[in-house]
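The values are calculated or read from the model by the stated rules, or taken from the named source; none is laboratory data. Quick caveat, the model's predicted, so the values are computed rather than measured. Cβ placement follows ideal geometry from the backbone for every residue including glycine, while neighbour counts extend to all protein chains displayed.
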Amino acid sequence: MFRIYRLRDIVRIEPSRITKPLEETAFDEIRKKYEGLRDRNLGIVVAVTNVKVDPMGIIPLGDGAPHYRVEFDALTYVPIINEVVEGPIEVLGRMGLTVRIGPIEGFIHISQVADDEVSYDPARNVVICKNSKRFASQGDMVRARITSISLGTPQRPPRVSMTMRQPYLGKIEWLTRSK
C-alpha cells in the first residue's frame, strides 16, 4: 500500500553549497537522507516531494554549516500482511517466482504457486502445473497474497513472501479463463 506522510527534519547545508538556492540544496540533502530509507513505521520511502525550508537557519556552536528546518512529503510503500497485490513475474527458478510489487520484489515459493503439483522447466523457463497443464513464465502478471514481511537491513534487501494458493489468486490469465 502506498502512503504519503508529511515529515519534518533539520537539514545541514555544507558551507561550499551556500551559494546555491536554499530550496534546491535542502531538497538534495533530504532526498539523499530519505529516499530508499526502510523504516518499521514509514515503510520504504520511494520519493520525497514538496520540500519547504524555513529561511531562518541556525549555526550551532562548533559547526560552520547552517542548519534549516524543513517540512516535506514522503511517498512510501508499506507491504501489509494479507494484502492482495498484482505484479509481473521478474525471475523464475526451481525455488519459485520473484514478482515485482511496487518498488520491491516479493517471492512465491514453488509450493505456493498453485493447488497442484508444480515444477520448474529450465529448458522453457516456465513453471508448470502438472494436472491442469497451466504454466507461468517471465513477464506474466500474477495476483498473490502477502504472507510475511521483513524490511531487512541496509545491507540486506526487504523480503516479502507471498502465496497464490487461495481462491482468486494466481496468474491473471488463469483467473479470467475460469469465469
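Some observations on this one:
- Index of the failed condition, residue 25 passing every other in (1) over 30 Å from residue 172 (Cβ atoms); (2) surrounded by fewer than 18 Cβ atoms within 10 Å (Cβ to Cβ); (3) of a type in the set (S, T, N, Q): (2)
- Scanning region 54-70 finds no residues that are touching a Leu at 6+ places or on another chain (Cβ under 8 Å), at pLDDT 95 or above and within 29 Å of residue 1 (Cβ to Cβ).
- Positions within region 4-46 being touching a strand residue (DSSP E or B) at 6+ places or on another chain (Cβ under 7 Å) and either under 19 Å from residue 152 (Cβ atoms) or free of Cβ contacts under 8 Å to residues at least 12 places away in the same chain (or both), in sequence order: 34, 35, 36, 37, 38, 42, 43, 44, 45, 46
- Comparison of 124, 165 shows that the only residue that is surrounded by 15 or more Cβ atoms within 10 Å (Cβ to Cβ) and not in a strand (DSSP E or B) is 165.
- Single unsatisfied condition, residue 116 versus (1) surrounded by 13 or more Cβ atoms within 10 Å (Cβ to Cβ); (2) touching a residue at least 24 places away in the same chain (Cβ under 8 Å): (2)
- Among residues of region 46-105, those that are assigned to a loop (DSSP other than H, G, I, E, B) and either of a type outside the set (Gly, Ala, Ser) or under 28 Å from residue 15 (Cβ atoms) (or both), counted: 21
- Members of region 38-73 that are under 30 Å from residue 106 (Cα atoms) and touching a helix residue (DSSP H, G or I) at 6+ places or on another chain (Cβ under 8 Å): 45, 48, 72
To keep it simple, each residue is scored yes or no on (1) closer than 30 Å to residue 40 by Cβ; (2) in contact (Cβ under 8 Å) with a residue 24 or more places away in the chain.
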| position | (1), (2) |
| --- | --- |
| 105 | yes, yes |
| 109 | yes, yes |
| 129 | no, no |
| 139 | no, yes |
| 152 | yes, yes |
| 157 | yes, yes |
| 162 | yes, yes |
